[in-house]
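Readers should treat all values here as calculations from the given coordinates under stated rules, not as data from a laboratory. Here the structure is a predicted model, which means the values were calculated and not measured. Don't worry about glycine lacking a Cβ; one is built from the backbone with ideal geometry, like all the others, and counts go over all protein chains shown.
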């Protein structure tokens, strides 16, 4: 945990400091190494909140967008990541089972999920379709189909991925071609009158100039963006639709 209680105040870990757990009141010791984020740890046992997961840099950055009073708020027998405007914002960086998702939603009541797309949505593909954005999620954590609360996904990782790909080819001549495999999809009508979709992977040539343009557009489009899932098709996270909002808009809604 990042915050502990000392003399009625929330404090961060500093070397050789001691404090109390705001949830169970047991003694905490500061862990201030050179590798992991400085944090608090229970002195004599494991964390009293079995919903705890190790604090990542992503967790810390999001918590710091909110006031100290809104971070790590005790609600019943658990410690909510963020509690703002009467709503719990549960930051999720690692896989979670359906049972755990249902359990947390029941415990917190009014809450939303904010997922780290870099770890939980690597196969997420967003597509503009008229006035909505549809998505395909390859190899999704299927447990999220059991969620009944709103799901937001931090997709800033897509911007960073696009920037990495751009940097790999930015010195290549724009008019030089690069072969790439793509899926070719078409429809065929069978003797019974039904139409079936068929597909195969084919090699096409695209110029480095085209790739650069795509990567730069993606870098801008997804920078500091959040994807709000409005609909899951058949309650399975493989596909659905939603909206792309800025980080600033997300904070206006919940901060």
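Given a cut-off of under 8 Å on Cα pairs at least six residues apart, what relative contact order in percent is computed for region 124-216?
25 percent
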**Request:** Please say if region 109-241 is rounded, prolate or oblate, where rounded means a/c under 1.5 for a ≥ b ≥ c the square roots of the C-alpha gyration tensor eigenvalues, and otherwise the choice is prolate for a/b larger than b/c and oblate otherwise?
**Result:** oblate
**Request:** Kindly state, to the nearest 0.05, the FRET efficiency for residue 106 paired with residue 34, given R0 = 41 Å and r defined as their beta-carbon distance.
**Result:** 0.55
**Prompt:** Based on the Cβ-Cβ distance of residue 223 and residue 198, what FRET efficiency does E = 1/(1 + (r/R0)^6) give at R0 = 51 Å, to the nearest 0.05?
**Reply:** 0.85
**Message:** Just to be sure I understand: with springs between alpha-carbon atoms less than 10 Å apart, which residue in 38, 51, 186 has the highest mean-square fluctuation in the Gaussian network model of the chain?
**Reply:** 186
**Request:** Could you work out how far apart the two model spin labels at residue 131 and residue 48 are, taking each label as a point 7 Å from the Cα in the direction of the beta carbon, and quote it in nm?
**Result:** 5.1 nm
**Item:** Fraction of antiparallel bridges per DSSP, the chain only, in percent to nearest 5
**Value:** 85 percent
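Taking N as the number of residues in region 26-83, what is its Cα Rg relative to 2.2 N^0.38 Å?
Here the answer is 1.16, to two decimals.
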**Request:** For residue 73 paired with residue 170, estimate the spin-label separation in nm (one decimal), with each label point 7 Å from Cα along the Cα-to-Cβ line.
**Result:** 4.2 nm
**Message:** Rounded to two decimal places and with Rh computed the Kirkwood way over Cα pairs, what is Rg over Rh for region 1-133?
**Reply:** 1.01
**Request:** Please give, to one decimal in nm, the separation of the simple spin-label points placed at residue 14 and residue 190, each 7 Å out from Cα toward the Cβ.
**Result:** 7.3 nm
**Asked** Tell me, what is the percent relative contact order of the chain, built from C-alpha pairs under 8 Å that lie six or more residues apart?
**Response** 14 percent
**Request:** With a Förster radius of 25 Å, plug the Cβ-Cβ distance of residue 245 and residue 61 into 1/(1 + (r/R0)^6) and report the FRET value to the nearest 0.05.
**Result:** 0.90
**Complete:** For the chain the translational diffusion coefficient, Stokes-Einstein from a Kirkwood Rh over Cα pairs at 10 °C and viscosity 1.306 mPa s, in µm²/s, is roughly 75 µm²/s
**Request:** For helix 98-108, report the angle its Cα long axis makes with the longest principal axis of the Cα atoms of the chain; keep it between 0 and 90° and round to the nearest 10°.
**Result:** 50 degrees
**Message:** Which one, 102, 229, 89, has the greatest fluctuation when you compute a Gaussian network model over the chain with C-alpha springs under 10 angstrom?
**Reply:** 102
